[in-house]
Ligand SMILES: [Zn+2]
């Protein structure tokens, strides 16, 4: 496809998404990255004058504004924000190998996410109805549902199963027609999204441990007693922090846990899930995006400065 044909196709796709009432925001051409600065790079100008504003809150379903935004001939990809759109997306991925030099990836040796989802439906006696479905460039598939009224579901990572992520408040999915270097997102079932079945609401919100009977946690995700206590202590500190110093306390806790991830005694996704659970008590949809950003940034920073672990003593390292 020529680049002008591609930008026209993406413009039409963005208008189609907005026409459905879904909130969209442009991404860099050929990329999943939203065309916006991250909170840690916010200079406080423009719409961020009173504090950083997220693309989730800027995303729009105003078809005219979308048409105008996609009118400069650039092939912007399209982020669809499930939270404000009343949607919820299950992302069933294929197992991914760990990057060289990194600890094993959770789910690396497990079935693909779609197989896991079907197995989970069988175990729980849940329906898995036909719904709006995309094939992703990596070979996975994404099932788009409407969020049940009254729910406020956040995105999760490897929580429903090791090869299933979900996209809710605080996260986004790419629209059908979006193009990455390794292929395009293709609509393979154009059924209008149906409501997320109750058993999947449950699977998304319940705590991971013991969530799925007969499927033990992978050892890499299960920290030893010392590490588990450290995780508990940091998360308790975060959860009990009154407003005011939350950002500082959260970034300190995430940095400390990142250091344990860097020392290879703690799984990154486990740390992230625990911290996200800890801040869930504070959250509003707007703060969720900010908090998850702080968690990701501080975890990564801590990971770059691994904690030296004294294996002999059970006591808290100084
Ligand atoms: Zn900003």
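Results, tabulated for the structure shown:
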| read-out | value |
| --- | --- |
| Rg and Dmax of the stretch 223-303, Cα atoms only, in Å | 11.5, 35 |
| Residue order, fewest to most surrounding Cβ atoms within 10 angstrom, among 96, 158 | 96, 158 |
| Helix 113-124 vs. the chain, principal-axis angle (Cα, 0 to 90°, nearest 10) | 70 |
| Estimated inter-spin distance, residue 4 and residue 190, nm [label 7 Å along Cα→Cβ] | 2.7 |
| Tilt relative to the chain, helix 268-280 - C-alpha long axis, 0 to 90 degrees, to 10 | 80 |
| Packing-based order for 99-105, 271-277, using average beta carbon neighbours within 10 Å, highest first | 271-277, 99-105 |
| Candidates 98, 256, 203: whichever shows maximal mean-square fluctuation once the chain is modelled as a Gaussian network with Cα springs under 10 Å | 98 |
| Mean projection area, nm², convex hull over Cα of the stretch 1-109 | 9.8 |
| Chain lengthening between residue 72 and residue 308 when straightened (0.36 nm per residue, less Cα-Cα) | 79.8 nm |
| Nearest-ten-degree value, helix 3-19 long axis tilted from longest Cα axis of the chain | 80 |
| Computed E for residue 245/residue 224 - FRET, C-beta separation, R0 35 angstrom, nearest 0.05 | 0.70 |
| Using alpha carbons only: equivalent-ellipsoid semi-axes of the stretch 3-205, gyration tensor based, whole Å | 28, 19, 18 |
| Order by protection proxy (mean Cβ within 10 Å, highest first), peptides 26-33, 260-267, 188-195 | 260-267, 26-33, 188-195 |
| Pairwise FRET efficiency - residue 47 versus residue 94, Cβ, R0 = 51 Å, nearest 0.05 | 0.85 |
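Values quoted throughout were computed directly from the atomic coordinates according to the rules given, and no laboratory measurement underlies them. In this text the structure is predicted, and so the values were computed from the model without any measurement. Note: ideal-geometry Cβ built from the backbone for every residue, glycine included; neighbour counts use all protein chains shown.
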